[in-house]
1. Out of V54, V79, I need the residue that is more than 22 Å from S8 (Cα to Cα) and touching a helix residue (DSSP H, G or I) at 6+ places or on another chain (Cβ under 8 Å). Which one?
2. Kindly provide the set of residues from the range 84-101 that are surrounded by 16 or more Cβ atoms within 10 Å (Cβ to Cβ) and aliphatic (A, V, I, L, M), ordered by number.
3. Taking the options D60, D65, name whichever one is within 13 Å of the chain's Cα centre (by Cα), under 25 Å from M126 (Cβ atoms) and among the charged types (D, E, K, R).
4. What tally of residues in the range 13-36 results from selecting those that are charged (D, E, K, R) and exposed (fewer than 13 other Cβ atoms within 10 Å of the Cβ)?
Amino acid sequence: MDLKDIVSISGKQGLYQIVSKRKNGFIVESLDFQARRFPTNTNQRVSILDEISVFTNTGDLKILDVFIVMYQKIEEEGVEMPSKKSNSSEIDAFFKKIVPNYDKEKVYNSDILKLCSWYNILSEQMDLSELQPAQGEEQETNEQD
């Protein structure tokens, strides 16, 4: 499974895998236990995960690179991921460990929680230890302001 085949659909929770392409959208399958298939249409905003970035003070950081750092911090170092009930300072403290120089004015707590949700979904579907940094880009980790 590749992040180029995984999408987020506005108005729908979770992640979806592209099964097929149509002239006016995709046929996708949910990455949950139900594995529901349905077509998307031109009215829905479909975002391919491979094209999503996180705003930082020095530019944008590909979501793939964020997931790689999340894997290292959560699985290898034992950093605890925030929950929906976490307060804003807990969410901020967590994400500072992942992307120390993220742009606090453009990256909202809801975005961080969505990233955590996506990470959990992907960790059930694939081996995140095999993710490789985006080619041609330097991985921005642990840079302090």
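1. Details: V54 fails: more than 22 Å from S8 (Cα to Cα).
Answer to the selection: V79.
2. Correct list: I91, I98, V99.
3. Details: D60 fails: within 13 Å of the chain's Cα centre (by Cα).
Just one listed residue meets the conditions, D65.
4. If we filter the range 13-36 for residues that are charged (D, E, K, R), which is where we start, we get 21-23, 29, 32, 36.
With the extra rule that they be exposed (fewer than 13 other Cβ atoms within 10 Å of the Cβ), the set shrinks to 21-23, 36.
Of the residues in the range 13-36, 4 are charged (D, E, K, R) and exposed (fewer than 13 other Cβ atoms within 10 Å of the Cβ).
Rundown of residues vs (1) more than 15 Å from K114 (Cα to Cα); (2) β-branched (V, I, T); (3) touching a His at 6+ places or on another chain (Cβ under 7 Å); (4) assigned by TED's automatic domain parsing to the domain that holds E124, yes/no style:
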residue	(1), (2), (3), (4)
S30	yes, no, no, no
T58	yes, yes, no, yes
I63	no, yes, no, yes
I68	yes, yes, no, yes
E75	yes, no, no, yes
K85	no, no, no, yes
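The values are calculated or read from the model by the stated rules, or taken from the named source; none is laboratory data. The structure displayed is predicted, hence computed values, not measured ones. Heads up, the Cβs are rebuilt from the backbone with ideal geometry, glycines too, and the neighbour counts pull from every protein chain shown.
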